[in-house]
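Accompanying notes for the structure given below.
The values are calculated or read from the model by the stated rules, or taken from the named source; none is laboratory data. Quantities reported herein were computed from a predicted structural model and do not represent experimental measurements. Ideal geometry is used to build each Cβ from the backbone, glycine not excepted, and the neighbour counts take in all protein chains shown.
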Amino acid sequence: LGYPWHAVNEGLAAKVFAKYRIPTSSTVTQSRILAAGASAYAPSAAPGYIQAGSGNFVLNLLGPAASDFDLTLYKYVGSAWTKVASSEGSTSTEAINYAGTAGYYYAEVKSYSGSGVYTLKYSFPPK
């Protein structure tokens with residue numbers, strides 16, 4: 001069909017497939033109720049971890065006043081999950097900013113004391 005048809009088809013294909021591209025950096029927000037002494041995990045959907053690329057991992061936790069929630073980031077290393085970063089202050093406001101390598105990751109929100117609704121915002125580098 002020649003060059004003009006090829007160029008037109010490439011242009012149309014690019015427009016169609018542009019709708020299906022995964023965003024390169026997006027922040028996910030997860031809000032849940034956490035009971036005293038309990039844990040919650042992010043991502044909360046199956047399979048329960050994210051395959052991420054190398055770069056900056058940013059996690060921000062905001063929980064209820066008068067509670068102590070901790071935030072931990074885990075990476076699958078070898079054949080086990082390993083803690084790579086944590087924020088364990090005396091309040092329910094925690095943050096992690098971690099420069100990591102590519103791999104599988106998940107985060108844990110744990111109630112050290114108190115209960116209530118928390119909001120976790122996190123962003124992992126794309127694979």
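Structural remarks
- Members of region 43-57 found to be touching a residue at least 40 places away in the same chain (Cβ under 8 Å) and in contact with a Lys or Arg (Cβ under 8 Å, 6 or more places away or on another chain), listed by number: GLN51, ALA52, GLY53
- Residue within region 75-82 that is over 16 Å from the mean Cα position of the chain (by Cα), among the aliphatic types (A, V, I, L, M) and not in a loop (DSSP other than H, G, I, E, B) present: yes
- The residue of region 83-127 that is surrounded by the most Cβ atoms within 10 Å (Cβ to Cβ), among those that are outside any strand (DSSP E or B) and of a type outside the set (Gly, Ala, Ser), is PHE124.
- From ALA40, ALA85, residue being of a type in the set (Gly, Ala, Ser), touching a Leu at 6+ places or on another chain (Cβ under 9 Å) and either within 22 Å of SER115 (Cβ to Cβ) or in contact (Cβ under 8 Å) with a residue 40 or more places away in the chain (or both): ALA40
- Scanning region 50-70 for residues that are over 24 Å from SER115 (Cα atoms) and buried (at least 16 other Cβ atoms within 10 Å of the Cβ) gives ILE50, ALA52, GLY55, PHE57.
- Where GLU88 falls short, out of the listed (1) within 16 Å of GLN30 (Cβ to Cβ); (2) more than 12 Å from the chain's Cα centre (by Cα): (1)
Residues are listed down the side, and each one gets a yes or a no for (1) at pLDDT below 95; (2) assigned to a strand (DSSP E or B); (3) among the β-branched types (Val, Ile, Thr); (4) over 25 Å from GLY63 (Cβ atoms):
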site	(1), (2), (3), (4)
VAL16	yes, no, yes, yes
TYR20	yes, no, no, yes
SER31	no, yes, no, no
ALA36	no, no, no, no
ALA46	yes, no, no, no
